[in-house]
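Undergrad: Sharing a structure, written as structure tokens. Questions coming.
The values are calculated or read from the model by the stated rules, or taken from the named source; none is laboratory data. Fair warning: this is a prediction, and the values are worked out from it, not measured in the lab. Note: ideal-geometry Cβ built from the backbone for every residue, glycine included; neighbour counts use all protein chains shown.
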């Protein structure tokens, strides 16, 4: 305990010596983007000059993981620093659900708001659409975006703004009384629907305009911008400026428009001399859909897709940028994850982590800053599918167990077999048994410490 407290004191001293004023934080979180779907991560057809520049001026993370392979759990985990089962958001939420992220949870926004930060969520929320669970009840000063995935519907009981913009021939009566139509989703500002159905072709553009405006309005105070893009979740939409322009079809169009968005945000930071005091993190909520016809992304060279705990479903592209603080043109292959963002941001902002609950994430600032000899703080990292602990990574080793009655055990050496093509379980029975034991013990302990989801 003494060594731990001493470490905190030293860390606090280092933070104070590094930063003359509180740093800003921006998290750009795309939806279902594949590991390969950025130029600097190997995409052969999708052009991403702004993201490539971001990586050239910052640091790529090549073993960066989401906490889940589907939307709602991955988002809840990013904001709370916890595995999704711990906070009882193990699966996808739909408009019919009356649960959400418990407002008693402490989010990144909550922590930063306690330090005087301006906070805003712009984009897809998807961890509870009822007012009790919306961003404005989870530490965010403002919210603009869609409350869940863009292939869903509207909740007929949603709060409608007095000046709501109705499209496609809809009336208030139709919204309240007709069966909701798939792919027709509401656009919200704070806790009211301001447009229905949302014009999804302009979403990326409008999110970007809102983000730039937020930066401009808060340039003289510390801020946290959480920008979870709707794209490239299906159905795919791009504005007229980008539609039909990518060699990778409509999917590529959506990524190239997001790349433009990143460029606009970086321009705003540079124009306001904020890039030297802003940590920007770009990553995705999970891997790509397995879809034909170019509608889904690519996780190459990884195995698997969204919904799976193979690397393709869980390992996501990640770029971190902070001029002068993050080593330019560098790369890190140590294990890091979205659950690590909350404790890392807490350390950088000197926000106090709650001591009345378990936080699974670790402070990865040494990795981000490229400290000599820095290693992952995760002795083992766990991959849940729903409520089941299905997989784990320990160093170079990845163990996966699947099947309902008779579990198939897979073990891969990711250092030599990133594509998970050669099962080495039989040749490494001792290691397999050790990892399974660790998984079982962790899962048992976590579920005894599980916290409830928010309920109406």
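Results for (1) more than 29 Å from residue 453 (Cβ to Cβ); (2) buried (at least 21 other Cβ atoms within 10 Å of the Cβ), shown as yes or no for each residue.
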| residue | (1), (2) |
| --- | --- |
| 333 | yes, no |
| 337 | no, yes |
| 343 | no, yes |
| 381 | no, yes |
| 388 | no, no |
| 394 | yes, no |
| 397 | yes, no |
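Undergrad: On to the next question. I need the full set of residues from segment 125-147 which are assigned to a loop (DSSP other than H, G, I, E, B), within 14 Å of residue 200 (Cα to Cα) and touching a helix residue (DSSP H, G or I) at 6+ places or on another chain (Cβ under 8 Å), in order please. Before the answer, list the steps.
TA: Keep residues of segment 125-147 that are assigned to a loop (DSSP other than H, G, I, E, B), which gives 125-130, 134, 138-141, 146-147.
From the residues that got through so far, the ones that are within 14 Å of residue 200 (Cα to Cα) too are 146-147.
Correct list: 146 only.
Undergrad: Let me ask something additional. Identify all residues within segment 422-439 that are in contact with a strand residue (DSSP E or B) (Cβ under 8 Å, 6 or more places away or on another chain) and either part of a helix (DSSP H, G or I) or within 20 Å of residue 359 (Cβ to Cβ) (or both); write none if there are none.
TA: Pass one, segment 422-439, residues in contact with a strand residue (DSSP E or B) (Cβ under 8 Å, 6 or more places away or on another chain): 422-425, 428, 431-432, 435-436, 438-439.
428, 431, 432, 435, 436, 438, 439 - these are the residues of segment 422-439 that are in contact with a strand residue (DSSP E or B) (Cβ under 8 Å, 6 or more places away or on another chain) and either part of a helix (DSSP H, G or I) or within 20 Å of residue 359 (Cβ to Cβ) (or both).
Undergrad: If you take the residues of segment 307-316 that are in a loop (DSSP other than H, G, I, E, B) and in contact with a strand residue (DSSP E or B) (Cβ under 6 Å, 6 or more places away or on another chain), which of them is surrounded by the fewest Cβ atoms within 10 Å (Cβ to Cβ)? Break it down stepwise before answering.
TA: Quick first cut of segment 307-316, residues in a loop (DSSP other than H, G, I, E, B) only: 307-310, 316.
Keeping just the survivors that are in contact with a strand residue (DSSP E or B) (Cβ under 6 Å, 6 or more places away or on another chain) gives 309, 316.
On the way: 309: 23, 316: 31.
Going through the qualifying residues, I end up with 309.
Undergrad: Looking at segment 24-40, is at least one residue touching a residue at least 24 places away in the same chain (Cβ under 8 Å), over 22 Å from residue 222 (Cα atoms), surrounded by fewer than 23 Cβ atoms within 10 Å (Cβ to Cβ) and assigned by TED's automatic domain parsing to the domain that holds residue 111? Steps first, please.
TA: Looking only at segment 24-40, we keep the residues that are touching a residue at least 24 places away in the same chain (Cβ under 8 Å), and these are 24-38, 40.
Applying the additional criterion that residues be over 22 Å from residue 222 (Cα atoms) yields 30-38, 40.
Filter again for surrounded by fewer than 23 Cβ atoms within 10 Å (Cβ to Cβ), leaving 36, 40.
Within this subset, residues satisfying the condition of being assigned by TED's automatic domain parsing to the domain that holds residue 111 are 36, 40.
Yes, some residue in segment 24-40 is touching a residue at least 24 places away in the same chain (Cβ under 8 Å), over 22 Å from residue 222 (Cα atoms), surrounded by fewer than 23 Cβ atoms within 10 Å (Cβ to Cβ) and assigned by TED's automatic domain parsing to the domain that holds residue 111.
Residue by residue, here is whether (1) out of contact with any helix residue (DSSP H, G or I) (no Cβ under 9 Å at 6 or more places or on another chain); (2) assigned to a loop (DSSP other than H, G, I, E, B); (3) assigned by TED's automatic domain parsing to the domain that holds residue 280 holds:
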{"site": "184", "(1), (2), (3)": "yes, yes, no"}
{"site": "220", "(1), (2), (3)": "yes, yes, yes"}
{"site": "252", "(1), (2), (3)": "yes, no, yes"}
{"site": "263", "(1), (2), (3)": "no, no, yes"}
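Undergrad: Something else now. Could you check segment 1-117 for helices (runs of 4 or more DSSP H) lying wholly inside it with 2 or more residues that are at pLDDT 95 or above and farther than 20 Å from residue 305 by Cα? Working first, answer last.
TA: Working: elements: 2-18, 49-56, 71-80, 108-113.
It comes to 49-56, 71-80, 108-113.
Undergrad: Just to verify a result, which residue in segment 109-164, among those that are out of contact with any strand residue (DSSP E or B) (no Cβ under 7 Å at 6 or more places or on another chain) and at positive phi, is surrounded by the fewest Cβ atoms within 10 Å (Cβ to Cβ)?
TA: 116
Undergrad: Also, I was wondering about something else. Within segment 406-421, which residues are in contact with a strand residue (DSSP E or B) (Cβ under 7 Å, 6 or more places away or on another chain) and without any contact (Cβ under 8 Å) to a residue 12 or more places away in the chain?
TA: Listed by number, the residues that qualify are 407, 408.
Undergrad: Same structure, new question: Kindly establish whether residue 411 is surrounded by 20 or more Cβ atoms within 10 Å (Cβ to Cβ) and more than 17 Å from residue 337 (Cβ to Cβ).
TA: yes
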